[in-house]
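Let me begin by presenting the structure, written as structure tokens, before commenting on it.
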């Protein structure tokens, strides 16, 4: 499992018997900067509980799916972590489209056409950490990193902001609909809220089967199903359906209804039917699609899709969409007293909420962050130019919900440079922002990018990093031990005649960079870094760790070599961090890396005095780069 920062998530026990968070039906699609949009899958909502490789799958009504979906259970049992996942089990056709009827066939026979897939779109718990309080966008980033892509378990991706366009695509592909979720939403077990919304392309309704009519003509078994929903704890008739059946399905459904036959109707008011009716106990739920609701509350032209086994009949009620005003789902475009425009060179940068407080305790505002990046631009830009940026956005300051954004789509103004990079995990090209100048840096700061996170490689050489990184990440241990690990790393590298450069992370750790000059692949960089940190760990076995899982490296300094992978990012030199005091990731002279050093001593307010005295200590990082072959030869000769 890749290294995941879970420091924002509290420790906790695994939640059991989870009833999932539900979406509210609304009447139309919309756009919104604080919303993401997912495919509405046509299947069974399924919670997966994974503990010590034992997997339990169950429905939103706590009905076990473990035996029914054994292939998915087996795949999840191979994962090397404990987790609670939320997603949808579907059966897709050869075009990748989900069909409830195909799932129904699988449900009936255990086999059939199509492929069984568990699309996972949320994670509630991971390895001793309760993730429910994290913002959705952060939970999804964690999920995407840890979930391997397999034949029958997949990450369910999303698009940001552009719900209308996504809805149009769903229409063209004749999908069931789309789901809209606030990027900042926490996971609220068992609740239906306005933070999650569903927009359907077709009218669909769950309905309780209350009876069936006699067949006519040459039809066998039954004519139509008599349907109802609960209203004020009483069953109300909403129509009957005879469409959507073949002879085998008629036989199967009839076989399930026969044991439920009773003499009396479960309806309080017995409806008129066009043929003699047989009443049944209201135990089975039908999924139907229909043209519209009639004036008397019946479904017009209902068509049977399948049976649902994932909820209680008494939970079935008439679902009508709530009216929404699309304009209310996006931030106002009206200019206010905090809005302004900055002309930087020939580019006009629009700034919103200049006076918004980002650090409540220190009263530091968004405007101060923007002014900082304008002033620091000549120092930070050399380490950003031609590099894809992962935007870590904090629109509500350091105490608000934040989220990562990689794909900026067509959001930036035309003067901002972007570059498309193919993402294997997403199986598509992502349009990354490239920060080439002061104006773009300010544009990023206006989006809420308190910290700046560039790739380790640049356009034209994306598979070959410009430097390798040793990330010293403490887990509940004093910073003096981080300093000790940095000093030993420096000693190891000096003996190998490898130049290295240290900076504070701006948070709790230290970063050590070695220039490579884009001459080696990420795998080569990672392998060499692993060799170095192994030597360091052998010297400091009691205070350092090579374990990726935080729970296994308590009170140790994690010697992280996995930052040396394509697409990984760390805070750039001179980047502010969204931490108390507005600390800055600051390059250090090795003489400064000694006991008593503290990242808290370097902030956005004193960094410029330091630069006057020491200038930019980070320049050599972008230099010629070491010759790893010679280094490895020296290492071999020293044995």
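What follows draws every value from the coordinates through simple rules; no lab data is involved. Computed from a prediction, not measured in an experiment: that's the story for all the values here. FYI the Cβ positions are ideal-geometry reconstructions off the backbone, even for glycines, and counts take in every protein chain you see.
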Completion exercise
Place a point 7 Å from the Cα of residue 346 in the direction of its beta carbon; the residues of region 434-473 whose amide N falls under 17 Å from it are 436-440
Handout entry: Distance (nanometres) between label positions extended 7 Å along Cα→Cβ at residue 363 and residue 637
Key = 6.3
Handout entry: Between 0 and 90°, nearest 10: helix 522-539 axis offset from the chain longest Cα axis
Key = 70
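Stretch residue 420-residue 80 to full length: gain in nm at 0.36 nm per residue minus the Cα-Cα span? The partial results should precede the final answer.
Working: separation 340, 0.36 × 340 = 122.40 nm, distance 3.26 nm.
Here the answer is 119.1 nm.
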Practice task
Would you mind calculating the gained length between residue 188 and residue 530 on full extension (0.36 nm times residue separation, minus the Cα-Cα distance), in nm to one decimal?
Solution key: 119.1 nm
Problem - residue 378 paired with residue 173, simple spin-label distance in nm, labels 7 Å along Cα-to-beta-carbon - result: 5.0
Exercise for the section: Please work out the Cα center distance from region 611-637 to region 361-406, rounded to the nearest Å. Expected result: 28
Practice task
Estimate the FRET efficiency between residue 314 and residue 355 by the formula 1/(1 + (r/R0)^6), using the beta-carbon distance for r and 56 Å for R0, to the nearest 0.05.
Solution key: 0.60
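Estimate the FRET efficiency between residue 268 and residue 51 by the formula 1/(1 + (r/R0)^6), using the beta-carbon distance for r and 51 Å for R0, to the nearest 0.05. Walk me through the numbers before you get to the answer.
Values: r = 45 Å, r/R0 = 0.89.
My answer for the efficiency is 0.65.
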Completion exercise
With Cα coordinates, the longest principal axis of the chain makes an angle with the long axis of helix 136-146, in degrees rounded to 10, of 80
Handout entry: Computed [θ] at 222 nm, helices only, for the chain once each DSSP H run of length n ≥ 4 contributes -39500 (n - 2.57)
Key = -6000 deg cm²/dmol
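Can you tell me the FRET efficiency between residue 411 and residue 371 if r is taken as the Cβ-Cβ distance and R0 is 25 Å, rounded to the nearest 0.05? Intermediate results must be reported in sequence, preceding the final value.
Details: r = 24 Å, r/R0 = 0.95.
Efficiency, rounded to the nearest 0.05: 0.60.
How long are the three semi-axes of the equivalent ellipsoid for region 208-312, computed from the Cα gyration tensor as the root of 5 times each eigenvalue, in whole Å, largest first? Numbers along the way, then the final one.
Numbers: eigenvalues 73, 51, 41 Å².
Over the Cα atoms of region 208-312, the semi-axes work out to 19, 16, 14 Å.
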Practice task
Return the whole-Å distance between the Cα centroid of region 465-506 and the Cα centroid of region 95-161.
Solution key: 38
Practice task
Measure nothing but the geometry: give the 0 to 90° angle between the long axis through the Cα atoms of 479-495 and the longest principal axis through the Cα atoms of the chain, rounded to 10°.
Solution key: 60
Handout entry: Virtual spin-label span in nm between residue 615 and residue 461, 7 Å along Cα→Cβ
Key = 2.3
Exercise for the section: List the relative contact order of the chain as a percent without decimals, with contacts defined as Cα pairs under 8 Å and 6+ residues apart. Expected result: 11
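Let me check against my output: what whole-number percent is the relative contact order of region 22-200, with C-alpha pairs under 8 Å and at least 6 apart? Please list the in-between numbers first.
Working: 379 pairs, mean separation 59.6, N = 179.
Relative CO of region 22-200 lands at 33 percent.
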Exercise for the section: Quick one: compute the contact order of region 194-320, relative version, from alpha carbon pairs under 8 angstrom and 6+ residues apart, as a percent. Expected result: 32
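Using 0.36 nm times the number of residues separating residue 580 and residue 234, minus their current alpha carbon distance, what extension gain do you get? Provide the component values of the computation, followed by the final result.
Values: separation 346, 0.36 × 346 = 124.56 nm, distance 5.60 nm.
Stretched fully, the residue 580-residue 234 segment lengthens by 119.0 nm.
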Handout entry: region 1-58-region 238-281 distance, computed between alpha-carbon centres (Å)
Key = 36
